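Here the structure is laid out as structure tokens; the discussion comes afterwards.
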Amino acid sequence: MVTQTEKLNSLITDYFEKEQKLGAQLPEWMKELRQQGLSRFNELGIPTIKNEEWKYTNLSSLAERKFYIPEPQPFKELGELHEYLDPAEINVVFVNGDFHPKLSNLTDLPKGVSIVNLTTASAPGIQPFETHIREYQQKFSDPFAALNDAITHGGVLVKIDEKTVLKRLIHIVHVTCVPKENAILSPRTLIVLGKSAQAEVLETYMSCTPVGYFTNALTDIFLEENSVLRYTKAQNEGRQAYHIGTTRIFQKRDSLSENFSMTTGGMLTRNNLMIILENSGANTFLNGLYAVQGEQHVDNHTCVDHQAPNATSNQYYKGILNGNSHAVFNGKIFVKRIAQQTNSYQLNKNLLLGKGARVDTKPQLEIFADDVKCTHGATIGQLNEDELFYLETRGIHRELAVRMLCRGFVDDILNRISNPSVVAKLNKMLAPSFETFK
Amino acid sequence: MLAIKNLHAEINGTPIIKGMNLTINPGEIHAIMGPNGSGKSTLAKIIAGHPDYQVTEGSIEYEVNFKKINLLELQPEERAREGIFLAFQYPVEIPGVNTSVFLRAAFNAICRHQGAEEMDPIEFDEYLKSKMKFLDMDEKCLNRPVNVDFSGGEKKRNEILQMAVLNPRLAVLDETDSGLDIDSLRVVADGVNRLKRKDNAILVITHYQRLLNYIVPDFVHILIDGKIVRSEGKELALKVEEKGYDWLAQ
């Protein structure tokens with residue numbers, strides 16, 4: 001039997017050949033990246049549930065499919081997109097995994113901000129980061145980041161120069177409009193904040209066609225000394241989609257990242273969020289929310305790598321599960337021997353609404369330093385009957401009472417996002433889930 | 001207004017109320033006193049419709065606008081919409097639900113049912129503040145989650161605030177006085193007295209006679225082992241305060 005890894009390997013090899021015939025121009029570093037990615041992917045392969053990292057997320061249905069790499073879409077206005085885009089914000093649009101500058105509004109960028117296709121970005125500007133990632137990547141077995149490397153033919157570079165404080169939100173929208181099922185999409189984003197720079201980025205994933213496809217996304221982020229990034233990822237793709245997304249954030253001294261990850265869409269979602277605190281004084285917040293229903297599966301794997309002393313990480317993920325949905329939370333915290341005075345907190349709270357809903361939650365702490373504060377906790381529960389009764393005795397219908405309690409549960413975590421425009425967008429994506437709560 | 005006839009009720013198979021009769025007319029204040037475990041709070045929860053209690057015998061008839069309703073057939077929220085209010089002995093904390101949002105949702109749900117006009121947030125805010133004044137409550141409470149981080153006194157005031165906002169026909173106050181210092185007790189009692197009208201009624205459940213100095217009842221009933229053993233005027237409360245319950249249990 002031909003395995004999925006072999007199928008993908010021949011798909012990619014054919015694709016390379018075809019591309020060469022068409023005379024595609026790719027920078028040398030990217031060609032190299034692809035070759036390395038392909039061999040790394042072949043080495044690791046598609047994981048099974050025997051792999052500890054994938055114990056609760058079964059990819060066997062994904063492994064059965066026969067994927068294709070969609071042709072780049074010619075420029076086309078996407079009417080429904082305007083609903084999601086605010087012209088006051090910096091919109092970066094991807095269609096089927098490819099960056100579309102014409103659908104984006106990048107003509108009027110503030111000083112110190114550049115957003116370009118990765119293929120046209122200057123190699124010296126990118127190489128140090130790519131090399132850095134490659135070195136780090138060797139330590140981890142991440143087949144899907146390698147697969148993204150292997151297929152990539154572009155993507156976007158967002159660069160915020162030293163001391164630039166960007167007030168406008170950068171909204172990166174990934175839209176999928178594929179005519180037939182089993183497309184594999186490999187969007188790629190590299191975000192670099194220079195020393196003391198500040199920015200806020202929202203990455204949204206959505207579909208406009210209800211077919212099954214596979215988004216294998218990769219976002220790498222570099223935060224130089226004393227920079228601040230607020231980064232939100234919202235996965236709101238169609239209910240037939242597979243979504244595996246890897247976000248890696250490399251943080252230098254005194255930098256701060258405030259992350260939020262929300263999943264409402266997809267049939268099977270895996271969010272890998274990896275934060276590498278490389279120098280002392282680096283701080284990070286990892287907040288997340290998942291609201292799933294039906295047969296949806298969502299798996300959040302976070303990993304905070306404390307490599308230096310006096311850094312803090314704070315994780316708080318919440319989930320509401322309706323129907324027969326299944327959620328996984330795995331929070332890994334590494335504290336190196338040198339990383340003394342680390343503060344690391346982790347909390348995962350789940351609300352089960354559906355009778356068939358299920359949660360697997362697991363902290364994973366590997367601490368080699370002796371002067372650290374690490375706490376973790378997880379809860380799985382149902383709505384509190386006393387609270388419901390109290391609301392009902394005030395004339396509030398049970399269905400509304402349920403939604404009010406769910407609203408409270410959700411707001412507790414959404415309130416951690418300071419940008420009202422981001423919160424409004426997330427709430428819009430949450431609305432259909434709320435309709436099903438009763 | 002309310003007619004309880006031969007009521008028997010249990011929780012998890014344990015009988016608590018064992019043949020209780022009580023009639024409340026509009027304009028009256030009734031007090032129920034009794035030792036711990038006599039079924040006082042159970043009665044309050046049954047009137048409000050708590051799902052954990054099963055009525056095994058008897059009836060509760062509620063009369064509103066000359067229409068008689070079998071109260072036991074209604075869901076808790078339907079009872080509330082028909083004008084029944086329970087001030088909880090232990091008000092429930094509801095994290096994440098904003099107090100003023102909650103109060104407006106409750107107010108509008110009841111208005112909608114009773115055919116009155118609903119209020120928008122600005123109108124409601126005014127209305128709410130007018131009700132808060134005489135309860136000596138901090139307006140900051142409104143922006144906090146319901147009862148979360150409220151002191152004991154604030155929680156009880158919040159119950160009476162809800163009563164003031166929802167304007168019930170029959171209010172059941174379940175040990176509203178317990179855990180209150182004398183100043184808070186006065187404020188709460190004063191709030192209740194202001195809400196008293198000719199066409200509504202109040203059922204006060206208490207352990208202590210002290211509250212009845214401030215909310216003066218027309219009738220005092222003594223509940224022992226799930227049954228009312230004696231009903232008299234307000235002076236009965238003083239007798240109980242002096243002599244305890246034992247002489248009534250015979």
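The values are calculated or read from the model by the stated rules, or taken from the named source; none is laboratory data. All figures in this text were calculated on a predicted structure; none of them were measured in a lab. A quick note on method: Cβ atoms are made from the backbone with ideal geometry, for glycine too, and the neighbour counts reach across all protein chains shown. These area figures cover heavy atoms from the full protein model, side chains too; ligands, DNA and RNA do not enter into them. Shrake-Rupley method; radii C 1.70, N 1.55, O 1.52, S 1.80 Å.
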Condition set more than 23 Å from the chain's Cα centre (by Cα), more than 10 Å from chain B (Cβ to nearest Cβ) and not hydroxyl-bearing (Ser, Thr, Tyr), scope the stretch A:404-438, selection surrounded by the most Cβ atoms within 10 Å (Cβ to Cβ): answer is A:Phe437
In the stretch A:392-429, residues that are out of contact with any Ser or Thr (no Cβ under 9 Å at 6 or more places or on another chain), outside any helix (DSSP H, G or I) and over 30 Å from B:Val172 (Cα atoms) total 3
Checked the stretch B:76-98 for anything over 21 Å from B:Ala116 (Cα atoms), more than 7 Å from chain A (Cβ to nearest Cβ) and over 14 Å from the mean Cα position of the chain (by Cα); matches are B:Glu93, B:Asn98
Practice task
For B:Leu71, state whether it is touching a residue at least 24 places away in the same chain (Cβ under 8 Å), touching a Phe, Trp or Tyr at 6+ places or on another chain (Cβ under 6 Å) and either more than 7 Å from every other protein chain (Cβ to nearest Cβ) or buried (at least 23 other Cβ atoms within 10 Å of the Cβ) (or both).
Solution key: yes
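If you check A:Ala88, A:Ala123, which single one turns out to be within 23 Å of A:Leu426 (Cα to Cα), surrounded by fewer than 19 Cβ atoms within 10 Å (Cβ to Cβ) and among the hydrophobic types (A, V, I, L, M, F, W, C)?
Unique residue meeting the criteria: A:Ala88.
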Checked against (1) at pLDDT 90 or above; (2) more than 14 Å from every other protein chain (Cβ to nearest Cβ); (3) open to solvent by 10 Å² or more (accessible area, probe 1.4 Å), B:Asp138 satisfies every condition except (1)
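If we scan the stretch A:381-391, do we find a residue that is in a strand (DSSP E or B), surrounded by fewer than 21 Cβ atoms within 10 Å (Cβ to Cβ) and either within 26 Å of the chain's Cα centre (by Cα) or not acidic (Asp, Glu) (or both)?
So far as the stretch A:381-391 goes, yes, one or more of its residues are in a strand (DSSP E or B), surrounded by fewer than 21 Cβ atoms within 10 Å (Cβ to Cβ) and either within 26 Å of the chain's Cα centre (by Cα) or not acidic (Asp, Glu) (or both).
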Residues of the stretch A:379-390 being touching a strand residue (DSSP E or B) at 6+ places or on another chain (Cβ under 8 Å) and at the interface with chain B (Cβ under 7 Å from one of its Cβ atoms), in sequence order, are A:Glu387, A:Tyr390
Report task. Answer yes or no as to whether A:Glu80 is without any contact (Cβ under 8 Å) to a residue 24 or more places away in the chain, among the charged types (D, E, K, R), assigned to a helix (DSSP H, G or I) and out of contact with any Gly (no Cβ under 8 Å at 6 or more places or on another chain). Result -> no
Here is a check on your reading of the model: is A:Glu32 open to solvent by 90 Å² or more (accessible area, probe 1.4 Å), in contact (Cβ under 8 Å) with a residue 60 or more places away in the chain, more than 24 Å from the chain's Cα centre (by Cα) and more than 25 Å from A:Val175 (Cα to Cα)?
no
Say whether the condition of being open to solvent by 10 Å² or more (accessible area, probe 1.4 Å), within 23 Å of A:Ala241 (Cα to Cα) and outside any loop (DSSP other than H, G, I, E, B) is met by at least one residue in the stretch A:202-215. yes
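So which strands (runs of 3 or more DSSP E) are wholly in the stretch B:1-57 and hold at least 1 residues that are open to solvent by 20 Å² or more (accessible area, probe 1.4 Å)?
Numbers: elements: B:2-11, B:14-24, B:29-33.
Result: B:2-11, B:14-24.
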If we keep only residues of the stretch A:163-201 that are of a type in the set (Lys, Arg) and not in a strand (DSSP E or B), then the residue surrounded by the most Cβ atoms within 10 Å (Cβ to Cβ) is A:Lys195
When every residue in the stretch A:287-324 that is farther than 21 Å from A:Lys373 by Cβ and not in a strand (DSSP E or B) is compared, the one most open to solvent (accessible area, probe 1.4 Å) is A:Glu295
- Message: Going residue by residue through the stretch B:201-217, is there one that turns out to be open to solvent by 30 Å² or more (accessible area, probe 1.4 Å) and under 24 Å from B:Glu82 (Cα atoms)?
- Response: no
Note on the stretch A:325-380: residues open to solvent by 20 Å² or more (accessible area, probe 1.4 Å) and outside any strand (DSSP E or B) are A:Lys336, A:Arg337, A:Ile338, A:Gln340, A:Gln341, A:Leu353, A:Lys355, A:Gly356, A:Phe368, A:Asp370, A:Asp371
Scanning the stretch A:20-50 residue by residue, the ones that are over 17 Å from A:Ser141 (Cα atoms) and part of a loop (DSSP other than H, G, I, E, B) total 6
Among (1) part of a loop (DSSP other than H, G, I, E, B); (2) out of contact with any Cys (no Cβ under 8 Å at 6 or more places or on another chain), A:Lys233 falls short only on (1)
